[in-house]
Amino acid sequence: MPARHLAAKELGALLSVLAHPARLQIVEELGLRELDVRALADTLGLSQPGVSQHLGLLRAHRLVSERREGRRVFYRLRRPELAAWLLEGLGFLAEPLASVEDRRQLMNAARATWSGEVRDG
């Protein structure tokens, strides 16, 4: 298999894992700090079983790692720059959304939150 084809296939697999909004939010939160399932669920307004399923997929693709502290399991990004890479991706959305002011403001708010400038819970 040519190198470019293999690289495209692997990148496609990575992007498919990241294609779910909840997993993107999890990656962004873990880009800011290490968290357990309960904290992620509370922060994102998701169920703990749902967060656990998403973490399982992220862990299977080696995007997150875990650390145990007693009964609690804390998760972190294996490569924190992934969150910054996704944050940069918001720039690709700004131009198409420029005609829709409220969506553009939401993207800016997400960028500020994910970059750690503001915490909106």
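Output the residues belonging to the range 85-94 that are modelled with pLDDT of 90 or more and either touching a Phe, Trp or Tyr at 6+ places or on another chain (Cβ under 9 Å) or outside any helix (DSSP H, G or I) (or both).
Hit for the range 85-94 is LEU86, nothing else.
Kindly check whether there is at least one residue in the range 28-45 that is buried (at least 16 other Cβ atoms within 10 Å of the Cβ), hydroxyl-bearing (Ser, Thr, Tyr) and part of a helix (DSSP H, G or I).
Checking the range 28-45: at least one residue is buried (at least 16 other Cβ atoms within 10 Å of the Cβ), hydroxyl-bearing (Ser, Thr, Tyr) and part of a helix (DSSP H, G or I).
Any residue in the range 13-27 that is closer than 11 Å to LEU44 by Cα and free of Cβ contacts under 8 Å to residues at least 24 places away in the same chain sitting within a Cβ distance under 6 Å of a residue that is assigned to a helix (DSSP H, G or I) and not β-branched (Val, Ile, Thr)? List the pairs, counting only those 6 or more apart or interchain.
Short answer, once both residue conditions are applied: GLN25/LEU44.
Where residues in the range 48-70 are among the hydrophobic types (A, V, I, L, M, F, W, C) and not in a strand (DSSP E or B), which of them is most open to solvent (accessible area, probe 1.4 Å)?
Checking each candidate, the answer is ALA60.
Take ARG79 and tell me if it is basic (Lys, Arg) and surrounded by fewer than 11 Cβ atoms within 10 Å (Cβ to Cβ).
no
The values are calculated or read from the model by the stated rules, or taken from the named source; none is laboratory data. Quick caveat, the model's predicted, so the values are computed rather than measured. Heads up, the Cβs are rebuilt from the backbone with ideal geometry, glycines too, and the neighbour counts pull from every protein chain shown. Surface areas here come from the heavy atoms of the whole protein model, side chains and all, with no ligands, DNA or RNA. Shrake-Rupley method; radii C 1.70, N 1.55, O 1.52, S 1.80 Å.
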